[in-house]
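**Student:** Below you'll find the structure I mean.
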Amino acid sequence: MLPDDWHLTQDIDDFLARAGDFLRSRPALHNTPLTDIEKLRIRRAAEHDAEAAVFGRLESGGEVRAIFYLTPRGRLGLTPLSVEQTDTLAAHLAGLGHSPANVIADHDTASAFAESWQRRTGGGVPVVFWRTHLYRLGTLTAPQRRPEGQGRITGGEEREQVVRWCREFCVDVGEQSSIDLIDAGSWGDSRFGDRHFTFWETPDGTPVSMAAATSIVGGMVRVDPVYTPARLRGRGYAGAVTVEVSRAALAAGATDVVLFTDPANPTSNTLYQRIGYTHVADFAGYKFSYGAPQAG
């Protein structure tokens, strides 16, 4: 056991047995840990990863107050922590020799950890690579002007188009890590590999927009991504397909339907609010750099 009641393990089943209720207690706020850890659990069960992830839980008074997870690819995910708690965790991880490639969390936690990590390790200045608003669905409201056509779940024969549109989405938002995985043929390792995709298609059957959703984890479904090719935007397709996917998530039993938006895109933020999504929190991601060891 580490100071301040941080407990670390590589046993994902034991971790979920002890911290699962905490993660499910706030499914909207914890949406990324829920989906990331579930993906790690599935991959570990299939022995897909030779190197295990590291999981930690912060306990106080016999209750879990926060968690972290460090994936084999170096992503450090955190639930909300105070400045003091992030500094303590940074000291723990640095002392154990861990070197996360990046951290993602709510804005305040991610920023505090990035500052502590730089101070503790002497690395380069952390660089922001992700800023986003988190929205949660309240009352789903269909657009007043619904475009002609209908939503349709994609089939396996449409994977090529799904992959192509996901790559175009990543180019639009500057998500280079996913582009690299797609180009390397590692679709299953990308963040899109476990999604369920829906097309919005015109009456003649032509797909014009796409939205995807995660499986239900802890009662939560995250809509991600939503993409319409540039030449087809401004016609209501994105709103229509988002409503379709959101309605399907509710029908499947989801209690929390969430999505992330780019703060710099007022069009998408306005659209999602119009169909019933409300702002919950802001999130951020920082990537770390480490100096090369000196010879000798």
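Values quoted throughout were computed directly from the atomic coordinates according to the rules given, and no laboratory measurement underlies them. If you're wondering where the values come from, they're calculated on a predicted model, not measured in any experiment. Neighbour counts are summed over all protein chains in view; Cβ atoms, including those assigned to glycine, are modelled from backbone coordinates with ideal geometry.
**Student:** By what distance, in whole Å, do the Cα atoms of segment 3-132 stretch along each of the three principal axes, largest value first?
**Tutor:** Here the spans come out as 37, 35, 31 Å, largest first.
**Student:** Moving on to the next point. Which of L81, L89, L40 comes first, and how do the rest follow, when ranked by fewest Cβ neighbours within 10 Å?
**Tutor:** Numbers: L81 23, L89 26, L40 20.
Fewest to most other Cβ atoms nearby, the residues stand as L40, L81, L89.
**Student:** Let me ask something else about it. Semi-axes of segment 139-275's equivalent ellipsoid from the Cα gyration tensor, sqrt of 5 times each eigenvalue, largest first, rounded to whole Å? Before the final figure, lay out each step's value.
**Tutor:** Numbers: eigenvalues 92, 63, 50 Å².
Gyration-tensor ellipsoid for segment 139-275: 21, 18, 16 Å.
**Student:** Please give the per residue volume of the convex hull enclosing the alpha carbon atoms of the chain, rounded to a whole number of Å³.
**Tutor:** Details: hull volume 44.3 nm³, N = 296.
Considering the Cα atoms of the chain, their hull volume per residue is 150 Å³.
**Student:** Hey, another quick one. Which three extents, in angstrom, do the Cα atoms of segment 116-198 have along their principal axes, listed largest first?
**Tutor:** Largest first, segment 116-198 extends 56, 36, 20 Å along its Cα principal axes.
**Student:** Would you pull out the residues with amide H under 5 Å of A142's amide H, same chain only if 5 or more places away, H placed 1.01 Å from N?
**Tutor:** Those qualifying (amide H under 5 Å, at least 5 residues apart or on another chain) number zero.
**Student:** Additional query: Suppose every K and R has +1 on its Cβ and every D and E has -1 on its Cβ; what is the size of the dipole of segment 139-275 about the Cα centre, in Debye to the nearest 20? Numbers along the way, then the final one.
**Tutor:** Details: 14 positive and 17 negative charges, 112 e Å.
So the dipole magnitude of segment 139-275 works out to roughly 540 debye.
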